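Here is the structure we will look at.
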Amino acid sequence: MARGGGYFKTTYAADLALVDTRLRRRALAAFVVALLVLPRVASPFILDLVAQTALAAIGALALNLLTGLAGQVSLGHAGFIAAGAFTTGVLIENGVRSPLVALPAAAVVGAVLGIVVGIPALRLKGLYLALGTLALHHVVLYACAEFQNHWGANTGVSIPPPAIGPWVLKGAVAWYYTLTLAAALVLALSVNLRRSRAGRAWMAIRDREIAAESVGIDVARYKVLAFVWSSAITAVAGGLFAYHRAFVSVEAFGFFLAVEYIAMIIIGGLGSALGAVLGAAFVTLLPHGLDALVAGLRLSGGAAYYLFPLKFGAFGLLMAVFLLFEPQGLVGIWRRVRNWFALWPLRYRPLRSAS
Amino acid sequence: MVLTIDGLTLEFEGLHPLTGVSMSVDDGALAALVGPNGAGKTCVLNCIGGFYTPKAGRIRFGGAMIQGLAPHRIAARGIARTFQFVELFRGMSVLDNILLGRHRHMRSGLLAGGIFWGRSRREETLHRRRVEEIIEFLELERYRTELVASLPFGVQKLVAIGRALAMEPTLLLLDEPSTGMNREEKENLARFLLRIKHDLRTTMLWVEHDMELVGDLADTVTVLDFGRKIAEGPPAEVLRDPLVAEAYLGRAYVRERGAG
Ligand SMILES: Nc1ncnc2c1ncn2[C@@H]1O[C@H](COP(=O)(O)OP(=O)(O)OP(=O)(O)O)[C@@H](O)[C@H]1O
Ligand SMILES: [Mg+2]
């Protein structure tokens, strides 16, 4: 949206551009510069929070491809993350330390699992699909638990930092840059898919399956591809998660993690890549915010004890609130605020509400 | 003959929506398919499009048998369609809906689309140009970037035709395009149908309830009643056929009696 209007597009390529006005280009440049210089000003704690957000954003963007674009509900997301993390773990137990092997291996395992779920999923819709993917989550966790027992490590396995030759990835700053860059790449991929043939085919399937068939989209193929791509990216995020935490344990990949990811894309705004990132930030930072709140209130031990389960209930509540009152999620709010400023001091509805 | 249907029979758990229907559509013709409610018109289109598998009969299109093929394969052979209840991609803009009609003419896969550089970007602008031509053809310019769900029903029907035209089909199946349109919209539709026939030279099989439109525009008319063909020929003759009048009036009479 151009401030005050006056932008005319003269080519279709210009209309396809993602950042199409000078204001937007400047805002994006400022944001990138801010991310680049952040390590100079922020504490390691803040950097770690951003890194965690970036990692969560990769998983959320991947889930958004499957659920937001292709319209396939999945409760198995934590299973794919676990698969990636344990692929890394298993390789390390067998002496393979290079992330250049482990991460592609995680992607392959994720893709194969995507096919394994995707093909039977063709026969399932909605709630049944959700339950089917939940079953996959349990199977994957069971397999992971077997591995963990096999190593004789009941609580988990520690993972050494990723090393490529002499270069070792260590410390908050290095992780911050690595994960932010990875998230930026997946974000670019998501945004591009949305404006090209394959992503449009996914959205067509989400909106109306028979109509999608009638324009010649091979619905079965694209649905399986959605599972394959989503789970491959998710498994890579799982591999990164294992390295970043320096530890893998089945405990980390319970059902609650799957719910967190669904919360991210719903709160952020289903179908929107920006929404997935905002949702990831929100869900990652929320517990810290609540902790800060509790600390600030100086409650006695007893009250804090009761607040603990509330923290977990908060996701369910927030998801319900967003589904009921703001189905477009945080991006919806962001767009309204942006349009309000773009038109200030006038109060007309924008001509174009897209993007 | 672009399309030849021979002895088409369809069964659903004892129900017989179609019994031994035979018909053909000439190259470049605007062929109407009419009949009272529940006659089986939509079933014929669904069989041609691959959405229903006929129990018996043959459907020949462009020299090959197509019955039993999956819908997306039939679309790939050059049959496009619109639906009685529109069936647009509601969460997307007019532009994206029509771009989806270009799906079968485009090549970029997931990786190329995700990178969106070079070939896939060029492909996108190239097909965008084709879509703009269709938008202009159907006079949809002012709706270009609007979500289809927010558009009036008559406009949605045109967008559905635009999506089908974007496929550059050999045969276009239209299921009651004029239903829900006002007088002016119907006149525009008539204009578009004639332009599709004369300018684009696309063969059309057109299911329609508005007999005035059919009489004015169709080259041939086929009449179905209770899943059987009861008449066919030039509109002037067919619409005067007493059997056809009876099928319509008789049904209306029964409906009146049933309601009362
Ligand atoms: N999927 C289906 N399962 C069972 N019966 C069906 C199915 N589709 C159609 N029918 C039946 O087949 C008959 C013909 O239906 P069809 O939709 O082809 O009628 P139509 O001529 O298009 O009518 P209208 O003018 O109301 O659109 C109807 O009795 C309908 O109930
Ligand atoms: Mg019908």
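Before moving on, here are some points about what is shown:
- Apart from one condition, B:PHE61 fits all of (1) more than 16 Å from ligand 2 (Cβ to nearest atom); (2) within 11 Å of another protein chain (Cβ to nearest Cβ); the exception is (2).
- Residues within the stretch B:153-188 that are of a type in the set (A, V, I, L, M, F, W, C), open to solvent by less than 30 Å² (accessible area, probe 1.4 Å) and over 15 Å from B:ILE134 (Cβ atoms), tallied: 4
- Residue tally, condition within 16 Å of ligand 2 (Cβ to nearest atom) and either free of Cβ contacts under 8 Å to residues at least 40 places away in the same chain or not in a strand (DSSP E or B) (or both), over the stretch B:160-180: 6
- Subset tally (residues that are away from chain B (no Cβ under 14 Å) and surrounded by fewer than 16 Cβ atoms within 10 Å (Cβ to Cβ)) for the stretch A:175-193: 1
- Here is the figure for the stretch A:245-275: residues that are open to solvent by 40 Å² or more (accessible area, probe 1.4 Å), out of contact with any strand residue (DSSP E or B) (no Cβ under 9 Å at 6 or more places or on another chain) and not charged (D, E, K, R) total 5.
- The single condition among (1) in a strand (DSSP E or B); (2) without any contact (Cβ under 8 Å) to a residue 60 or more places away in the chain; (3) more than 16 Å from ligand 2 (Cβ to nearest atom); (4) of a type outside the set (Val, Ile, Thr) that B:LEU69 does not meet is (1).
- Residue in the stretch B:95-113 that is within 16 Å of ligand 2 (Cβ to nearest atom) and either away from every other protein chain (no Cβ under 14 Å) or surrounded by 16 or more Cβ atoms within 10 Å (Cβ to Cβ) (or both) present: no
- Of all residues in the stretch B:26-49, those being within 11 Å of the chain's Cα centre (by Cα) and within 14 Å of another protein chain (Cβ to nearest Cβ) number 5.
- Within the stretch B:171-204, being within 16 Å of ligand 1 (Cβ to nearest atom), away from chain A (no Cβ under 14 Å) and of a type in the set (A, V, I, L, M) holds for one residue alone: B:MET181.
- Taken over the stretch B:1-18, the criterion of being under 17 Å from the mean Cα position of the chain (by Cα) and within 16 Å of ligand 1 (Cβ to nearest atom) is satisfied by B:ILE5 alone.
- Where helices (runs of 4 or more DSSP H) fall wholly inside the stretch A:1-71, the ranges with 2 or more residues that are open to solvent by 70 Å² or more (accessible area, probe 1.4 Å) are A:22-41, A:44-63.
- Considering the conditions (1) open to solvent by 10 Å² or more (accessible area, probe 1.4 Å); (2) of a type outside the set (D, E, K, R); (3) at the interface with chain A (Cβ under 9 Å from one of its Cβ atoms), B:PHE116 is excluded by exactly one of them, (1).
- Exactly one residue among B:ALA75, B:ALA80 is within 14 Å of another protein chain (Cβ to nearest Cβ) and in contact with a Leu (Cβ under 7 Å, 6 or more places away or on another chain), and that residue is B:ALA80.
- For the stretch B:1-48, filtered to residues that are among the charged types (D, E, K, R) and not in a loop (DSSP other than H, G, I, E, B), the residue that is nearest to ligand 2 (Cβ to nearest atom) is B:LYS41.
- Tally, over the stretch B:201-224, of residues that are part of a helix (DSSP H, G or I) and either open to solvent by 10 Å² or more (accessible area, probe 1.4 Å) or touching a His at 6+ places or on another chain (Cβ under 6 Å) (or both): 6
- Count of the stretch B:128-152 residues which are outside any helix (DSSP H, G or I) and either open to solvent by less than 20 Å² (accessible area, probe 1.4 Å) or over 13 Å from B:ASP96 (Cα atoms) (or both): 5
- Criterion: under 20 Å from A:ARG245 (Cα atoms) and without any contact (Cβ under 8 Å) to a residue 12 or more places away in the chain - qualifying residue of A:ILE46, A:ILE92: A:ILE46
- B:VAL21 within 13 Å of ligand 1 (Cβ to nearest atom), open to solvent by less than 10 Å² (accessible area, probe 1.4 Å), in contact with a strand residue (DSSP E or B) (Cβ under 6 Å, 6 or more places away or on another chain) and modelled with pLDDT of 95 or more: yes
- A single member of B:GLU133, B:GLU168, B:GLU146 is out of contact with any helix residue (DSSP H, G or I) (no Cβ under 8 Å at 6 or more places or on another chain) and within 14 Å of another protein chain (Cβ to nearest Cβ), and it is B:GLU133.
The rows are residues; the columns are (1) of a type in the set (Asp, Glu); (2) touching a residue at least 24 places away in the same chain (Cβ under 8 Å); (3) out of contact with any Asp or Glu (no Cβ under 9 Å at 6 or more places or on another chain); (4) in a loop (DSSP other than H, G, I, E, B).
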residue: A:LEU103; (1), (2), (3), (4): no, yes, yes, no
residue: A:VAL108; (1), (2), (3), (4): no, yes, yes, no
residue: A:LEU131; (1), (2), (3), (4): no, yes, yes, no
residue: A:LEU141; (1), (2), (3), (4): no, yes, yes, no
residue: A:GLY152; (1), (2), (3), (4): no, no, yes, yes
residue: A:VAL186; (1), (2), (3), (4): no, yes, yes, no
residue: A:ALA201; (1), (2), (3), (4): no, no, no, no
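- Test: residue in the stretch A:68-77 that is at pLDDT 95 or above and either of a type in the set (A, V, I, L, M) or within 15 Å of A:LEU240 (Cα to Cα) (or both): yes
The values are calculated or read from the model by the stated rules, or taken from the named source; none is laboratory data. Nothing here was measured: the structure is a model prediction, and the numbers come from that model. Cβ atoms come from the backbone with ideal geometry, glycine included; neighbour counts cover every protein chain shown. Accessible surface is based on the protein model in full, side chains and every heavy atom, while ligands, DNA and RNA are left aside. Shrake-Rupley method; radii C 1.70, N 1.55, O 1.52, S 1.80 Å.
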